[in-house]
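Asker: I'd like to ask you about the structure that follows.
The values are calculated or read from the model by the stated rules, or taken from the named source; none is laboratory data. Given the structure is predicted, the values throughout are model-derived calculations rather than measurements. Don't worry about glycine lacking a Cβ; one is built from the backbone with ideal geometry, like all the others, and counts go over all protein chains shown. Accessible surface areas use protein heavy atoms only, side chains included; no ligands, DNA or RNA. Shrake-Rupley method; radii C 1.70, N 1.55, O 1.52, S 1.80 Å.
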Amino acid sequence: MVDVKKLLNEMSLKEKIGQLNLVSYKEEIIDAVKKGEVGAVLNVRDPESIKKLQEAALASPRGIPLLIGDDVIHGFKTTFPVPLSEACSFNPELMESSSYYAMKEARDAGINWIFAPMLDLTNDPRWGRIMETGGEDPYLNSVMAKSKVCGIQKEEAGRITAACGKHYLGYGAVEAGLDYATSEFSETKMRNYYLPPFQAAVNAGVLSIMTAFTTYNDLPVTMNPFLLETVLRDELGFSGMVVSDWQAIKHLINFGIAEGEAEAGKLALKAGIDMDMNAKIYSKHLEQLASENPDILALIDRSVLRVLEMKQKMGLFANPFAIKNPASFYEEIRCEARKVADESIILFKNDDDILPLSKDAKILVTGPFINDRDIHLGAWGALGHPDNVVNIKEGLEKRFTNIEFYETKLDFDGDDLDAIRKKASGKDYIVLVLGEPRYLSGENNCRTKLDLPHNQDLLVEELSKLNIPLIGIVSAGRPLIITELVKRVKALLWNFHLGSEAGNTIAAALAGEINPSAKTTVTFPKEFGQIPIYYNRYRYGRSDIAHYKDGELEPLYSFGYGLSYSKFIYHDCICELNGNKLSLALDVENVSDVDGKEIVQVYLLADLIKELVPEKRLIAFKKVFIKGKSKQRIEFAINLDLKKYRKGITIMVGPSSVQGQTKYLTLE
């Protein structure tokens, strides 16, 4: 094992600064790597190029291996459901295993540092990066944080691929849902809403943290010592390496706080940014800054030691090269992608139990995304390729014997109506394949309109006049305004981009081969003007009269909502509170003939309080498989923080945030 403190003492100042330099890959950087002037590289996925980079690093004067970073957000070559979709599964085991498999596929190429999980919470669907989050709830996101860190950082053969929790902190609060805009929120909101997932990631041993582009308390996060030192290190106990986001140190100039690059570098380093992502400010200016300000030398040493310790923990000094997967791996990872997709599809509506469809039903499938493969890759597809995606037509053709297809143009203008009407004649059902192309979500892909794009609402409106039952399938990267769609369809299967196995999962859900079990982790608004809308709001002072003149307060679909082909009944629950420990037990019965999985959700509702807290918040959940015509005993043991509550609390147990049985418990 390398003595990293001894190594640090032997390094020249230029070599130390090199370890703080994260650069985007170009062939020309090989010389700088050989000189020890680069500590990490991103935007390189070719195995041979990565191997050459590591060989160059080992040939440098100190032989320090490189961090090779990449945005493996929901898969590398094999694409998993986007994180928002995966969160809807409420299945921590799948969250961990999907991260593990994606890590292994990336590690096979030589990637050793993954810029995930994203731990941002948001309640604004205008923001394109909502697809990368786990939704609007801090508890669920904390569970997801732990699972994904453990999956990415699972040690094998003495090696750990490092996770990077991001974006610290409050990126999901950007004003007006606009990427890179400022964010402003109270310290209470920060601690109760945005911080818990990062605490969970730190507790799980995350090796690195990436900062946000945004602001807190009138300072950019990139130079915010309160967030980076007081909160992250002193309070959360994080001892690892902090990296800026893309060129974020340079953005201090754009904010008008730094006069130039040198000052920006000084502010960032002093605040606690260890590694500069491709702004090249540290490599250009730290040497001069250190000569002018001797106290900078100690800060450089502090940051370099964190980088070296991270590389040591990862096992890179012993072996920095790719770890190849066996030939069977491709089949294994495809199977895993299918498992996650199967548990991530949401049944929002199923009037008259119209689904699942009989496999010999006469069906017309129409819409713009029947043959589309690209849509299912999601915004961070990495090396995922459309050719490796099962489209919806392929999935349906394998399962239904009396089915026709008519794909409309992306921009529907009505020209296809006569042809669709002709094909629809005599059909039992029309399946509408709708969605939001993946290029409309993700980083810097924010929207001011949240309708189904490309005039798809007109297609739905016209086909609703045919008096043939409509079944909607929607694939999107965010919640959309689908109020009119819901009125016109008899059933609705929703998914946030499902990845490589999308077509198989969607078709299997229509055919009843799988039973939808996911529930939404974001609130769906009825109207655009309701945004931001989320279930865990503070109580209002005049809630009895608060209203919109031209619309409703209630959402279309609330957090935690989703249907099943099974029918579950919740029997009376028993609750006991001993100090801060809540014990809860109940029977959940599946009264249908269909085996299914139910997500049992537990919420704490505020009564009399010392200061404002969310009126309702998720405190526990379990996803349980219950066979048809049987019941299962579900038990919870939950530690509660009750410092802000007075006299009593109400516990609600049920299938969503708006439905369940309640028990009032008196506080001692």
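Asker: At a Förster distance of 60 Å, what's the computed FRET efficiency of Glu55 paired with Lys449, Cβ-Cβ distance as r, to 0.05?
Answerer: 0.75
Asker: Hey, if you put +1 on the Cβ of every Lys and Arg and -1 on every Asp and Glu Cβ in the stretch 512-615, which of Gly596, His571, Phe559 ends up farthest toward the positive end of that dipole?
Answerer: Going by the charge dipole, the pick is Phe559.
Asker: On full extension of the chain, what length is gained from Phe321 through Thr188, given 0.36 nm per residue of separation minus the C-alpha to C-alpha distance?
Answerer: 43.4 nm
Asker: Non-local amide H neighbours of Tyr168 (under 5 Å, H modeled in plane, Pro and chain starts lacking H): which ones?
Answerer: Residues meeting the amide H criterion: Met210, Thr211, Ala212.
Asker: Report the calculated FRET efficiency for Ala32 and Ala157 (r = Cβ-Cβ distance, R0 = 45 Å), to the nearest 0.05.
Answerer: It comes to 0.90.
Asker: Extending each Cα 7 Å along its Cβ direction at Glu93 and Val486, get the distance between those two points in nm, one decimal.
Answerer: According to this spin-label approximation, the distance is 3.2 nm.
Asker: Still on this model: Is the stretch 525-668 rounded, prolate or oblate when judged by the Cα gyration tensor, a ≥ b ≥ c being the square roots of its eigenvalues, rounded requiring a/c under 1.5 and prolate requiring a/b larger than b/c? Show your work: numbers first, answer last.
Answerer: Details: a/c = 2.72, a/b = 1.18, b/c = 2.30.
In terms of gyration-tensor shape, oblate.
Asker: Determine the sum of side-chain charges near Val174: Lys and Arg each +1, Asp and Glu each -1, restricted to other residues whose C-beta is under 12 angstrom from that of Val174.
Answerer: Around Val174, the surrounding residues sum to -4.
Asker: Rounded, prolate or oblate for the chain? Axes are the square roots of the Cα gyration tensor eigenvalues, ordered a ≥ b ≥ c, and the cut-off for rounded is a/c under 1.5.
Answerer: The shape class here is prolate.
Asker: Filter Lys526/Lys627; Lys423/Lys567; Lys349/Lys644; Lys6/Lys270; Lys423/Lys623 down to the pairs with a C-alpha to C-alpha distance above 30 Å, please.
Answerer: In this structure, Lys526/Lys627; Lys423/Lys567; Lys349/Lys644; Lys423/Lys623 lie more than 30 Å apart at Cα.
Asker: May I pose another question? In what sequence, largest accessible area first, do Phe185, Phe496, Phe625 appear using a 1.4 Å probe?
Answerer: Listed by decreasing accessible area, they come as Phe625, Phe185, Phe496.
Asker: Among Ala322, Pro655, Ser85, whose Cα sits farthest toward the positive end of the charge dipole of the chain (+1 at Cβ of Lys/Arg, -1 at Cβ of Asp/Glu, about the Cα centre)?
Answerer: Pro655
Asker: If you don't mind, there's one more thing I want to ask. Would you mind classifying the stretch 257-401 by shape? Square roots of the alpha carbon gyration tensor eigenvalues, ordered a ≥ b ≥ c; an a/c under 1.5 is rounded, otherwise it is prolate if a/b is larger than b/c and oblate if not.
Answerer: Because a/c hits 1.5 or more and a/b exceeds b/c, the stretch 257-401 counts as prolate.
Asker: Excluding same-chain residues fewer than 8 positions from Lys393, which aspartates and glutamates have a Cα within less than 13 Å of its Cα?
Answerer: Lys393 reaches Asp372, Glu404, Glu407, Glu501.
Asker: With θ set to phi - 60°, apply the Karplus curve 6.51 cos²θ - 1.76 cosθ + 1.60 along the stretch 648-660 and write out the HN-Hα couplings as whole Hz, x wherever there is a Gly or Pro.
Answerer: Calculated HN-Hα couplings, in order: x, 9, 10, 9, 10, 10, x, x, 7, 7, 10, 9, x Hz.
Asker: In whole angstrom, note down how far apart the Cα centers of the stretch 479-521 and the stretch 139-180 are.
Answerer: 26 Å
Asker: For the cross-link pairs Lys324/Lys519; Lys5/Lys250; Lys77/Lys311; Lys148/Lys324, which exceed 27 Å when the distance is taken from alpha carbon to alpha carbon?
Answerer: Numbers: Lys324/Lys519 36 Å; Lys5/Lys250 30 Å; Lys77/Lys311 25 Å; Lys148/Lys324 22 Å.
Table pairs above 27 Å Cα-Cα are Lys324/Lys519; Lys5/Lys250.
Asker: Okay, moving on. Please compute the per residue accessible area over the chain with all protein chains in place, 1.4 Å probe, rounded to a whole number of Å². Please list the in-between numbers first.
Answerer: Working: 25290 Å² over 668 residues.
Dividing the accessible area of the chain by its residue count gives 38 Å².
Asker: Now a separate question. What nm value, rounded to one decimal, do you get for the distance between Leu608 and Lys465 when each label is placed 7 Å out toward the C-beta?
Answerer: Going by the 7 Å Cα→Cβ label model, 6.1 nm.
Asker: How far, in nm, would the chain grow between Ile574 and Lys6 when pulled straight, counting 0.36 nm per residue and subtracting the alpha carbon separation?
Answerer: Contour length minus Cα-Cα distance gives 198.6 nm.
Asker: Around Glu407, under 10 Å between beta carbons, what's the net of Lys plus Arg minus Asp minus Glu among the other residues? Intermediate values should be presented prior to the final figure.
Answerer: On the way: positive: Lys393, Lys409; negative: Asp372, Asp416.
Summing Lys and Arg as +1 and Asp and Glu as -1 gives 0.
Asker: With a 10 Å radius around each residue's Cβ, average the other Cβ atoms per peptide and rank 572-584, 336-348, 382-394, highest first.
Answerer: Ranked by mean Cβ neighbours within 10 Å, highest first: 336-348, 382-394, 572-584.
Asker: Taking the Cα centroid of the stretch 12-65 and of the stretch 405-420, what is the distance between the two, rounded to the nearest whole Å?
Answerer: 53 Å
Asker: Give me the distance in nm between label points sitting 7 Å out from Cα along the Cα-to-Cβ direction at His385 and Leu178, one decimal.
Answerer: About 3.9 nm separates the two model spin labels.
Asker: Give the distance, in whole Å, between the Cα centre of the stretch 316-340 and the Cα centre of the stretch 422-440.
Answerer: Their Cα centres are 36 Å away from one another.
Asker: Next up: Provide the net charge surrounding Arg646, with neighbours chosen by a C-beta distance below 13 Å and charges set as Lys +1, Arg +1, Asp -1, Glu -1.
Answerer: +1
Asker: Ranked from highest to lowest mean number of other Cβ atoms within 10 Å per residue, what is the order of the peptides 447-455, 165-173?
Answerer: In descending order of packing, they fall as 165-173, 447-455.
Asker: Which value, in debye to the nearest 20, describes the size of the charge dipole of the stretch 16-106 about its Cα centre when Lys and Arg Cβ atoms bear +1, Asp and Glu Cβ atoms bear -1, and nothing else is charged?
Answerer: 380 debye
Asker: Using θ = phi - 60° and the Karplus curve 6.51 cos²θ - 1.76 cosθ + 1.60, what whole-Hz ³J(HN,Hα) does each residue of the stretch 355-367 get, with Gly and Pro shown as x?
Answerer: After applying 6.51 cos²θ - 1.76 cosθ + 1.60, I find 9, x, 8, 5, 6, 10, 5, 8, 10, 10, 10, 9, x Hz.
Asker: Now for a different question. For the stretch 110-267, what is the charge dipole size about the Cα centre, in debye to the nearest 20, if Lys and Arg each add +1 at the Cβ and Asp and Glu each add -1 at the Cβ?
Answerer: Once rounded to the nearest 20, the dipole reads 500 debye.
Asker: Here's something else I'd like to know. If you put +1 on each Lys and Arg Cβ and -1 on each Asp and Glu Cβ, how big is the dipole of the chain around its Cα centre, in Debye rounded to 20?
Answerer: 1140 debye
Asker: Given a Förster distance of 22 angstrom, what is the FRET efficiency for Ser328 paired with Glu397, based on the Cβ-Cβ distance and rounded to 0.05?
Answerer: Approximately 0.20, to the nearest 0.05.
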